[in-house]
1. When the residues of the stretch 131-148 are narrowed to those that are assigned to a helix (DSSP H, G or I) and closer than 17 Å to residue 6 by Cβ, which ends up least open to solvent (accessible area, probe 1.4 Å)?
2. Of all residues in the stretch 62-89, how many are crowded, with 20+ Cβ neighbours inside 10 Å, of a type outside the set (Gly, Ala, Ser) and modelled with pLDDT of 90 or more?
3. Could you tell me which residue of the stretch 161-176 is surrounded by the most Cβ atoms within 10 Å (Cβ to Cβ), considering only residues that are under 27 Å from residue 241 (Cβ atoms) and β-branched (Val, Ile, Thr)?
4. Any residue in the stretch 92-102 that is open to solvent by 30 Å² or more (accessible area, probe 1.4 Å) and either more than 17 Å from residue 254 (Cβ to Cβ) or of a type in the set (Phe, Trp, Tyr) (or both)?
5. Pick out, from the stretch 228-334, the helices (runs of 4 or more DSSP H) lying fully within it that include 3 or more residues that are open to solvent by 10 Å² or more (accessible area, probe 1.4 Å) and within 24 Å of residue 24 (Cβ to Cβ).
6. Of all the residues that make up the stretch 100-150, how many are within 17 Å of residue 268 (Cβ to Cβ) and of a type outside the set (Phe, Trp, Tyr)?
7. Under 17 Å from residue 262 (Cβ atoms), of a type in the set (Gly, Ala, Ser) and in contact (Cβ under 8 Å) with a residue 24 or more places away in the chain, is that true of residue 300?
8. Residues in the stretch 98-130 that are assigned to a helix (DSSP H, G or I), touching a residue at least 40 places away in the same chain (Cβ under 8 Å) and closer than 20 Å to residue 47 by Cα: how many?
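The values are calculated or read from the model by the stated rules, or taken from the named source; none is laboratory data. Note that the coordinates shown come from a computational prediction; the quantities given were computed from them, not determined experimentally. For neighbour counting, all protein chains shown are included, and Cβ atoms are generated from backbone atoms with ideal geometry for every residue, glycine included. The protein model used for the area step is the full one, side chains on, heavy atoms only, and it has no ligands, DNA or RNA in it. Shrake-Rupley method; radii C 1.70, N 1.55, O 1.52, S 1.80 Å.
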Amino acid sequence: MAISDVQEYTHLTDEEVEQLGRELDAIRAEIEESRGDADAAYINRLIRIQRYLAVAGRVILLLGTQSRRTRVPAAIAGATLLGLHKILENMEIGHNVMHGQWDWMNDPEIHSSNWEWDTAQPAEQWKHSHNYVHHQFTNVLGYDNDIGYGVLRMAREQRWTPYHLGQPVYNALLATLFQWGVALHDLDIERIRKGEKDPREMKRQLRQILRKGRNQVLKDYVVHPALAGKQWKTVLVANATANLARNLWAYMIIFCGHFPDGAMHFTEEEIEDETRAEWYLRQMLGSANFEGGPLLHVMSGNLGFQIEHHLFPDLPSNRYAQISVRVRELCEKYDLPYTTGPLHRQYGQALRTIMKLSLPNRMTSSNQAPAMTEPPSPERRRKRKSDAERPPRRKELGRWMRSAS
C-alpha cells in the first residue's frame, strides 16, 4: 500500500504530529547529551574483536590447512571466523561508522569521512545512495532505490511486466551476490534506463567501483590463497564461503527491516512540504523491527531496531535498545503501529511479498490495508476522524493481515 497522506492515514491532527516530533527531538537531545566513555569503549571493543576474528581466521587457514589431518576442520573454523569478521565489520561497524554515529568522538580512525569498509561498494557512493537517498526518502516510490534495488518489484503500485515473473531467481541471485548488487546501487539503474544519468558521472562511478571491486577480489581470491601455498584452493573456498555468508546475512537483515507486512510505502505527494515531524512519522510507518537477543542485534548492526535507526540514523547503535522502549511508548500514546516480530516471520513475510509480486496484481491479494484514494482536505486533516471514517489502526491492521495471509 502506498500512502499519499500520512497524517490522514494515522488519524493524527497537525498539532499531534508536531508534538510527536518534539518528543522525538527530546529523545535525540537526551542521547546526544549522554554519549560518553562507555559508548566509545563499545565501538573500540567491537573493532578489536572484529580484527581478532580476521587474524585468527587467517592464521588458522594458513597453518591449519598444511596438515591433511587438520585441513577440513581448519577450513571450517577459518571460514566461520572470517564470516563473523566480515558480518561484524559490515553491519555493526562499517554501516554505523559511515552513518556518522561515532563522529562525536573526533577519532580520525573511526570517522564517517575516513572509513572504507570491507565490501565492493566504495564508501563515497554508499553514503550517497544510503545515507542521503534512502534515509531521506525512505520507501517513497520513485525516489528510494532500495525498494527492490532496481531488480525486484516490492510494491503493488510498481508497474508489473513479464520480466517480474523471474523474481524468485533474481531474488536468489541478489542474496548470493549482495555485495556486488549494493556496489552498483548508486549508479541508479532506473535513471540509466531513462537516459537521465550523466554519462560522465556514470563512468566516474564505474571506475571507482572497478577499483574497489578489484582490490576486494585480489585480497580474498589471490593474495591470501597465494600465502597458503599448496593449500590455496582450500583458502580460496573458505574466503568465498565467508563472503557468501556475509552476503546472505546482510541481505536478510536489510529485507527484514523494510519489506515485512506493516512497513508502508509512500507516494511522492507525501514528501511535498514535509516537516521534520512528518518525516519522523514516515520513518516510523515505513520501517520494521525484529526481535532477538543482544548477540543477534550486534551481528545485525542493531538493525533489528530498524525503526529507531531510521528515526536517528546518526545516534550510536548500542543505544537503540534503550531508545526503542521510548519509541514504543510513543507509538502506544499516539495509537501508531510499531511493526515488529521474530526474525523468521519478518523475513518470511518479505519473501512472500517477493513471490506474490512476481505476478500481476489481479492474480494476488494485498497483504496491506487499502490505500487512500484521494488526498484529504485541510479541514479534514485538522480534526481527529471518527472510528467510521479513519483508516484501520494497528490492532485492526493486525487482524486484517492475518486474514489476508
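1. This residue is 135.
2. The total comes to 8.
3. Per the criteria, the residue is 176.
4. No, the stretch 92-102 contains no residue that is open to solvent by 30 Å² or more (accessible area, probe 1.4 Å) and either more than 17 Å from residue 254 (Cβ to Cβ) or of a type in the set (Phe, Trp, Tyr) (or both).
5. Once the helices (runs of 4 or more DSSP H) in the stretch 228-334 are filtered for at least 3 residues that are open to solvent by 10 Å² or more (accessible area, probe 1.4 Å) and within 24 Å of residue 24 (Cβ to Cβ), what remains is 276-286, 320-333.
6. 14
7. So residue 300 fails the test.
8. Within the stretch 98-130, residues that are assigned to a helix (DSSP H, G or I), touching a residue at least 40 places away in the same chain (Cβ under 8 Å) and closer than 20 Å to residue 47 by Cα number 4.
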